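The values are calculated or read from the model by the stated rules, or taken from the named source; none is laboratory data. What you are looking at is a predicted structure, and each value in this text was computed from that prediction instead of being measured. Backbone-built Cβ (ideal geometry, glycine too); neighbour counts: all protein chains shown. When the accessible area is computed, the model is the full protein with side chains, heavy atoms only, and any ligands, DNA or RNA have been set aside. Shrake-Rupley method; radii C 1.70, N 1.55, O 1.52, S 1.80 Å.
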Amino acid sequence: MPCVAWDHFFDWGDDLRTAISELIAVRQRNCIDSRCDVVVDIAEQGTYAARIGGRVAVRLGGGDWHPGLTNSGEWKKAVEGRHFFVWEMQK
């Protein structure tokens, strides 16, 4: 179960609360938990990108990484914010 800091959710404004709620919903829809495989695609200065459980992809930082094409389905934007982007696999 992920942890969310109380003040981040309740005290730092509606925009952050909405983003956190959307990220939680992505985890729930895709059954993401601590046992999911994580494939790190980029880990360099200013950009981190990974695919989680084959169902979610995330980019942190300012790079232009995208999860790309796959035979399993299509990546669709799920959540976007300041310096982060999350996609979900759509089959």
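Across all C-alpha atoms in the range 4-52, the radius of gyration and Dmax reach 13.5, 34 Å. Return a whole-number percent for the relative contact order of the range 1-60, with Cα pairs under 8 Å and 6 or more residues apart as the contact set. Answer for the range 1-60 is 20 percent. From most to least packed by mean Cβ count within 10 Å, the peptides 39-47, 25-33, 51-59 give 51-59, 25-33, 39-47. Counting only alpha carbon atoms, the long axis of helix 14-29 and the longest principal axis of the chain meet at about 40°.
By how many nm would the segment from A25 to D11 lengthen if fully extended, with 0.36 nm per residue of separation less the alpha-carbon distance?
On the way: separation 14, 0.36 × 14 = 5.04 nm, distance 2.02 nm.
Stretched out fully, the A25 to D11 stretch lengthens by 3.0 nm.
Computed over protein heavy atoms with a 1.4 Å probe, the accessible surface of the chain works out to 71 Å² per residue. Taking a cut-off of 24 Å, what percent of all Cα-Cα pairs in the chain are separated by more than that? Tail of the P(r) past 24 Å holds 21 percent of the pairs. Estimated from helical segments only, the mean residue ellipticity of the chain at 222 nm is -7000 deg cm²/dmol, where each DSSP H run of four or more residues counts as -39500 (n - 2.57). Here's the picture: a label point sits 7 Å out from the Cα of D41 along the beta-carbon direction, and within the range 77-91 the residues with their amide nitrogen under 18 Å of it are 77-81, 83-91. Take the solvent-accessible surface of the protein heavy atoms, probe 1.4 Å, and return the percent of it on the range 1-81 that carbon and sulfur atoms account for. After summing per-atom areas, the C and S share lands at 52 percent.
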